[in-house]
Each structure stands twice: as structure tokens, then as C-alpha cells.
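Presented below is the structure to which this report refers.
Any read-out appearing in this document is the output of simple, stated calculations on the displayed coordinates, not a laboratory observation. For clarity, every value in this text was computed on a predicted model and none was experimentally measured. Counting neighbours? That spans all protein chains shown, and the Cβs are built from the backbone with ideal geometry, glycine included.
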Amino acid sequence: MSSFGTSGVPAKFRCDFGLVETIGQVIIWVLLTIVTLGLALLVFPYYFNKAVLNRTEVLDASGRAIGKLDCQFNLGSSIGHAIIWFLLIIVTLGIAAFFYAYRILRVLLNDTRIVYY
């Protein structure tokens, strides 16, 4: 749990990213992967996780929504990051891919803010 403001009141998160949205995202990314001959898979983890973060609300101790997460990650920064990791994955024969998954989350969380209602 995190602490909300300076009052020390615990805050929780609730994500409303549903099954229908997941299926829609997967269909879009499968089509993009086919059209780009697989290159879309380099940025897929960023945008899929970003979509989940952007559908997450911040709740107060009573369960009332007091804000939402706003991930401000954009395509320009993801391309550079993805190219670097793509090269590392090739050079390390795939071993860097295990670290890549964690780095994606770190990058996204660093670009995420709470927007209070």
C-alpha cells in the first residue's frame, strides 16, 4: 500500500481493464504485428501495459475513487528504448529479454502520475 498525501491515509488501486478491452488490444496488436512483419512486437509491451495503467483508479481508505493513473509514455521515447533493448537481445542471444520485461515496467511507472479528481 502507498500513502495518500501527507495525512497517512492508505490508498489502493483498482483497475477496470476488462476482458473485452484485452481482446480488442490483442486483435489490434496482432494486425500491427502482421503489417509491420513483427516489428510492432518491440513496442507492444509498452502500450499494452500503458493501457492497463491508464484504466487504473486510486481509491481512498473507504474505497471511493480519488484519482486515476495517467501514464504519459509516448512513441518517441519507446522507439529509442526498444531499439536499444532489441540490440541487446540479439547480442546476448535472447538473455536480455528477461531483463527487458522488468525495464519496461520501470520506464512506464516512472512516466506515470496520479491525477486527483
For the residues Glu57, Glu21, what sequence is obtained by ranking on other C-beta atoms within 10 Å, fewest first?
-> Glu21, Glu57
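From Cα pairs below 8 angstrom and at least 6 apart in sequence, can you work out the relative contact order of the stretch 49-117, rounded to a whole percent?
Result for the stretch 49-117 is 41 percent.
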If one builds a Gaussian network model of the chain from Cα atoms under 10 Å apart, the most fluctuating residue listed among Leu53, Leu87, Leu41 is Leu87
Output for the chain (equivalent-ellipsoid semi-axes, sqrt of 5λ from the C-alpha gyration tensor, Å, descending) is 31, 17, 11
In terms of modelled amide H atoms, which long-range or inter-chain residues lie less than 5 Å from the amide H of Ile66?
-> Val58, Leu59, Asp60
Karplus-derived 3J(HN,Hα) from phi for the stretch 27-42 (6.51 cos²θ - 1.76 cosθ + 1.60, θ = phi - 60°), whole Hz, x at Gly and Pro, runs 4, 4, 6, 5, 4, 4, 5, 5, 5, 9, 6, x, 5, 5, 5, 5
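Express the relative contact order of the chain as a whole percentage, based on alpha carbon pairs under 8 Å and six or more residues apart in sequence.
The normalised contact order for the chain reaches 27 percent.
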Final fewest-first order of Tyr100, Tyr46, Tyr117 on the 10 Å Cβ neighbour count is Tyr117, Tyr100, Tyr46
What list of ³J(HN,Hα) couplings, whole Hz, do you get for the stretch 60-71 from phi and the Karplus terms 6.51, -1.76, 1.60, once you set θ to phi - 60° and write x for glycine and proline?
-> 7, 4, 8, x, 8, 5, 10, x, 9, 7, 10, 7
